[in-house]
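A.B. asks: The structure's right below; bear with me while I get my questions together.
Each reported figure results from applying straightforward, stated rules to the coordinates on display, with no laboratory input. Note that the structure is predicted; figures quoted are calculated from it, not measured. Quick reminder, even Gly has a Cβ in these numbers, built from the backbone with ideal geometry, and neighbours come from all protein chains shown.
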Amino acid sequence: MPLEQDCTRTQDRHATKARALVTRENDAMRAVIYGYAADVSVTGLSLAVPAKMDVGESLLVELENPLQRFKVRCRARVQHVQPTEQGEYRVGCSVATRLSARDVQLLKSNQSDGW
């Protein structure tokens with residue numbers, strides 16, 4: 001079931017627990033930041049990561065659902081950043097190339113499998 005939409009969203013977003021490997025495109029060392037995606041849609045995603053990101057920053061994101069043995073890469077741009085009480089940052093991103101409906105389906109959480 002889709003999560004609530006706010007007035008700026010054009011696509012349904014879906015809960016996920018996909019692993020996220022994030023690389024800042026402006027980082028010459030290409031250091032990987034490990035986190036997870038909290039929700040995903042064909043046009044955007046919400047990441048939880050330990051490092052603060054800047055609005056407008058370009059990212060390369062690899063999302064993985066280990067149960068489905070599925071991975072997808074996308075380029076994303078940071079739209080907003082919010083610190084959490086757990087010391088992480090919630091990073092809302094738009095994706096440069098839309099994810100397919102199949103990608104979203106394979107990344108969605110399935111509550112019945114405990115993942």
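A.B. asks: How far apart, in nanometres, would the label points at Thr43 and Arg102 be if each is projected 7 angstrom from Cα along the Cα-to-Cβ direction?
C.D. replies: Distance between label points: 2.3 nm.
A.B. asks: Name the residue from Gln86, Gly35, Thr23 whose Cα lies farthest towards the positive end of the charge dipole of the chain, charges +1 on Cβ of Lys and Arg and -1 on Cβ of Asp and Glu.
C.D. replies: Checked the options; the winner is Thr23.
A.B. asks: Among Leu47, Leu67, what is the fewest-to-most ranking by other Cβ atoms within 10 Å?
C.D. replies: Ranked by crowding around the Cβ, least crowded first: Leu67, Leu47.
A.B. asks: Using modelled amide H (1.01 Å from N, peptide plane; none on Pro or chain starts), what sits under 5 Å from the amide H of Arg13, excluding residues fewer than 5 places away?
C.D. replies: The list, which skips near neighbours in sequence, is Leu3.
A.B. asks: While we're looking at this one, here's another question. Give the longest segment of the chain that steers clear of GluC sites (Glu not before Pro) in DSSP loops with at most 13 neighbouring Cβ atoms within 10 Å, not counting the sites themselves.
C.D. replies: 26-84
A.B. asks: Separate question: Please arrange Val78, Val91, Val32, Val22 by counting, for each residue, the other beta carbons lying within 10 Å of its beta carbon, fewest first.
C.D. replies: The most exposed by this proxy come first: Val32, Val78, Val22, Val91.
A.B. asks: Just from its helices, what would the mean residue ellipticity at 222 nm be for the chain, if runs of 4 or more DSSP H residues each count -39500 (n - 2.57) and the sum is divided by every residue, rounded to the nearest 500 deg cm²/dmol?
C.D. replies: Calculated at 222 nm, the ellipticity per residue is -1500 deg cm²/dmol.
A.B. asks: Quickly work out the Ala51-to-Lys71 label distance, labels modelled 7 Å from Cα along the C-beta direction, and quote it in nm with one decimal.
C.D. replies: Simple spin-label model gives 1.8 nm for this pair.
A.B. asks: Which FRET efficiency, nearest 0.05, do Ser58 and Glu85 yield, Cβ-Cβ r, R0 30 Å?
C.D. replies: 0.60
A.B. asks: Please list, ordered by chain and number, the residues whose modelled amide H lies under 5 Å from the amide H of Met53; skip anything fewer than 5 residues away on the same chain.
C.D. replies: none
A.B. asks: Quote the charge dipole size of the chain about the Cα centre in Debye, to the nearest 20; the model charges only the Cβ of Lys and Arg (+1) and of Asp and Glu (-1).
C.D. replies: Roughly 380 debye, rounded to the nearest 20.
A.B. asks: Test of understanding: ordering Met53, Met29 by Cβ neighbours within 10 Å, fewest first, what list do you get?
C.D. replies: Met29, Met53
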